[in-house]
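Take a look at the structure set out below.
The numbers here are math on the coordinates, done by the rules we state, and not lab data. Bear in mind the structure is a predicted one, so any value in this text is a computation, not a measurement. All Cβ positions, even for glycine, are placed from backbone atoms using ideal geometry, and neighbour counts span all protein chains on display.
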């Protein structure tokens with residue numbers, strides 16, 4: 001599926017690192033959503049990005065936005081990763097059916113069994129307002145998220 005700015009974001013329902021079921025539609029009419037996909041927990045670039053978002057965008061600093069980070073790791077791995085890195089936002093598992101949500105967002109790398117670095121800002125009405133897709137080894141700049149959210 002090819003997504004673009006101005007299209008409605010695909011709905012999903014995933015389990016978070018703390019065991020709660022999270023639906024994108026839970027935030028409709030309430031909050032903007034930053035969804036970012038990353039390849040795997042516990043890897044260098046991914047850990048750096050997850051921590052950069054944690055440090056630059058504390059969950060308590062923007063009451064109008066929720067951050068949802070998605071990987072194809074199992075929930076139990078994400079629970080350990082979140083605790084180890086003191087992550088204060090939700091890490092969601094797209095483990096099974098493997099990569100289904102990443103596929104719906106056009107960021108699943110079938111031959112590698114993982115998501116690439118796709119980032120999407122979804123407004124309160126469920127519409128994609130900003131997006132960028134980087135390759136697996138290309139770290140993202142957190143200031144881009146902050147600028148895009150400020151423009152909403």
Practice task
Would you please classify the overall shape of segment 58-105 from the alpha carbon gyration tensor, given that a ≥ b ≥ c denote the square roots of the eigenvalues, rounded means a/c under 1.5, and beyond that prolate means a/b larger than b/c while oblate covers the rest?
Solution key: oblate
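Sort 128, 133, 122 so that the residue with the fewest other Cβ atoms within 10 Å of its own Cβ comes first and the one with the most comes last. All intermediate terms of the calculation are to be shown ahead of the outcome.
Working: 128 20, 133 16, 122 26.
Going from least to most buried by this count: 133, 128, 122.
When a/c reaches 1.5 or more, the comparison of a/b and b/c decides; with that in mind, is segment 1-60 rounded, prolate or oblate per its Cα gyration tensor? If you can, show how the numbers build up before the last one.
Numbers: a/c = 1.59, a/b = 1.42, b/c = 1.12.
Note, shape of segment 1-60 comes out prolate.
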Practice task
Counting only DSSP beta bridges with both residues in segment 13-150, tell me the antiparallel percent, nearest 5.
Solution key: 65 percent
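Please work out whether segment 13-150 counts as rounded, prolate or oblate from its C-alpha gyration tensor, where a ≥ b ≥ c are the square roots of the eigenvalues and a/c under 1.5 means rounded, while otherwise a/b larger than b/c means prolate and anything else oblate? Could you put the intermediate results ahead of the total?
On the way: a/c = 1.23, a/b = 1.21, b/c = 1.02.
Rounded is the answer for segment 13-150, as its axis ratio a/c remains below 1.5.
Determine, for 46, 51, the number of other Cβ atoms within 10 Å of each Cβ, and report the residues in order from fewest to most.
Numbers: 46 21, 51 14.
Going from sparsest to densest Cβ surroundings: 51, 46.
Relative to the present Cα-Cα distance, how much length would full extension add between residue 143 and residue 28 at 0.36 nm per residue of separation? Before the final figure, lay out the partial values.
Numbers: separation 115, 0.36 × 115 = 41.40 nm, distance 2.45 nm.
Answer, rounded to one decimal: 39.0 nm.
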Problem - Relative contact order [Cα under 8 Å, 6+ residues apart], segment 13-150, whole percent - result: 30 percent
Problem - Whole-angstrom gap from segment 88-152 to segment 46-61, using each part's C-alpha centre - result: 14 Å
